[in-house]
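Working notes, beginning with the structure itself.
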Amino acid sequence: MLKRLYHFGVCAGIVMVAGSAFALPVNDEVIIELPTTTEKSLPYYALRIPMAIYPRSANSQLSDLKIRNAKGDFLNYAWLESTTESLKIESHTLPFFSILATSQEGGKNKEVISLDILRQTDGSLIAQSKFTPTGNAKAPISAWIIDASTLNPAARLIQARVRIDKNFQGIFPLRIEVSEDFKTWTSIGGVEQLVQLQHQGETIQKLSLDLGHSKAKYLRLSAQTSSEQSQTTPQILAIEIDTQEQELVTPKMQWTAPIQAQLCNANSCEYQVPANTPIDSLRLHLQEKNTLAKVQIFGELPTTAKPSNAHQHFRNPLYVLRHQKKLAASPTTQEIFLGDINAYRLELPAGEISTEDLSLGGYALKKIRLQIPAGVKNLGTLAPTISLGTLSRNLAFLARGDAPYRIEFSTTTKEGTALEVRTLMPKLNLRDTALAFAEVRMPPSTAEKIGVSDPIKTPTPDKHEGAQKRYWLWATLVAALIVLGAMVWSLLRNIDKEKK
């Protein structure tokens, strides 16, 4: 009897060892690390969700996210972003005034050109006088003043869209300043650029200026050109300001590492997208300088998703402003049109310029396809890579019980689902309360690192390659079972002989 149990244990051990070759145990927990501080703080902590969380969830809403303590109890939490308020986004054509520089020749003024701008009692601006230049030369413009005093004081300035003369060709750098009293001016952001170029028969334009969600009654666009370049000042025909009437400030964008093309043919490239990740922006990386081509961008939805299944925790306002086309969905392929851009990377005397980021609507996609009508090789010999951006999301949770706290995902229970913020924190005003931020520690990733793109080529995929791999896997498994069966049969035969 003891020998029989011994032999049975040996067989079971062999089976367990063989099984472990197919499934190695890994530590797959997502741990929340609390900040190390000795000061007494609130029992609430804020948590910034990393992009690597989304593929673990069942959907881009993270509706199945749970937080547990060391004992396994569910902890209460709430999303800090607004999920019910809609953004009121409007466009306004505002008056602007050109400030002309003084042209000099031989130490004496050749032309004296001035424009006095007065601030009226209601806050609006008016030009008091304007002198016509003398002579044939044109005086360069040093700045433009934009009167935004008529806008709603609660409105935040998202971007300025400038319309310039079609004959202008070049890059024109500008510094943006804002003011509330028309006396003190504050610079926002770095130097922005207006771009209008013709290259290889295509027009390249960048005529939008980021205003950083600022609040101001007046804006000043100051030219950042040298005296030699001052004669290439564009003629601004109109300025539109896009505003957003909501106190919620756009969260920061999280970006993936560059993703290389999974498959390219003569006119398109396909890219695999992290599962369940809401995509709010796309950045195109061209591998070679001085390349230009028109690119159409399509996204393939998961088979269970619908075109309207974008995450609603926060909408990217630039998507609403810049891409107001309706998404065209195909019921058979589940592919939607995301937008089209002029993709470029040009080395110019004023510096290198690249394609603007494309603002998207927060859709969770399966694949992204770049369609290049003129041919992929117009973008160089190396396939372009893409980076995907998603707006950061934060939650607040109530720390109860002992650490470590961990994040799990489950759709089998309604316990531990998100609450409303005022339910989680009934006596706290978030505007006046600063929560300490905890950190998410992700388990070691076994995903392959994304490298440099391969040279563009038209592949001829083997349709039977996947089937052959499956056959080899099954053949290996069957062979292992035969070997184990033979060993078991041999052991049982020896047991019967000893019994006889």
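Amide H contacts under 5 Å for Ile259: Ile386, Ser387, restricted to partners 5 or more places along the chain or on a different chain, H placed in the peptide plane at 1.01 Å from N. For the stretch 390-423, applying the loop criterion from DSSP together with a ceiling of 16 other beta carbons within 10 Å to the GluC sites (Glu not before Pro) yields Glu415, Glu420.
Would you mind putting 274-282, 489-497 in packing order, based on average other-beta-carbon counts within 10 Å, highest first? Write down the numbers at each step before the final one.
Details: 274-282: 22.2, 489-497: 11.8.
Per-residue mean Cβ counts within 10 Å order the peptides as 274-282, 489-497.
Each residue of the stretch 376-391 was assigned a 3J(HN,Hα) from its phi angle through the Karplus curve 6.51 cos²θ - 1.76 cosθ + 1.60 (θ = phi - 60°); the sequence is 4, 5, 5, 9, x, 7, 9, 5, x, 10, 10, 10, 10, x, 10, 5 Hz, with glycine and proline shown as x. Ranked by the mean number of other Cβ atoms within 10 Å of their residues, highest first, the peptides 347-359, 61-73, 474-486 come out as 61-73, 347-359, 474-486. For the residue pairs Lys367/Lys414; Lys71/Lys414; Lys289/Lys377, alpha carbon separations beyond 20 Å are given by Lys367/Lys414.
A short reminder: the numbers here are calculations on the coordinates, not readings from a lab. Only a predicted model underlies this, so the values are computations on that prediction, with no experimental measurement involved. Please note: Cβ atoms are built from the backbone with ideal geometry, for glycine as well, and neighbour counts cover all protein chains shown.
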